[in-house]
Amino acid sequence: MEPLRLCFEIQCPAEHAFEIWTTRLSSWWPKGHSASGNPDTVVVFEPRPQGRIFERTPDGTEIDWARSRCGVRRTASAISGTSPVTAPMPPTSS
């Protein structure tokens, strides 16, 4: 499966955009672009340190994609892990 690459131009504060990106993943994530391939899968981002990014299928199966390094942070580089839909993010220096 090819990595998902999206680009948006939006007119809102960065904090609002990040909140929508992390709390409403299933509203913008392409249906069926998941490990299960099920178009009714829900994508979840747990906004906490070591929170998971995972998919939940209609039967309740959860498939982990990655974990956040430090919880909700205003950058995508807070994500690490191996995902069936994206490549792992490189380490960041803090």
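The values are calculated or read from the model by the stated rules, or taken from the named source; none is laboratory data. Here the structure is a predicted model, which is why all the values come from computation and not from measurement. Note: ideal-geometry Cβ built from the backbone for every residue, glycine included; neighbour counts use all protein chains shown.
The figures follow:
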| item | result |
| --- | --- |
| Tally, over the stretch 37-53, of residues that are under 12 Å from the mean Cα position of the chain (by Cα) and either under 14 Å from A66 (Cβ atoms) or in a loop (DSSP other than H, G, I, E, B) (or both) | 8 |
| Looking only at the stretch 45-64, and only at residues there that are at pLDDT 90 or above and of a type in the set (A, V, I, L, M, F, W, C), the one that is surrounded by the fewest Cβ atoms within 10 Å (Cβ to Cβ) | I63 |
| Members of the stretch 30-47 found to be out of contact with any Asp or Glu (no Cβ under 9 Å at 6 or more places or on another chain) and hydrophobic (A, V, I, L, M, F, W, C), listed by number | F45 |
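So that you can scan it fast, the table gives a plain yes or no per residue for (1) modelled with pLDDT of 90 or more; (2) in a strand (DSSP E or B); (3) loosely packed, with under 13 Cβ neighbours inside 10 Å:
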position	(1), (2), (3)
S26	no, no, no
K31	no, no, yes
A35	yes, no, no
R73	no, no, no
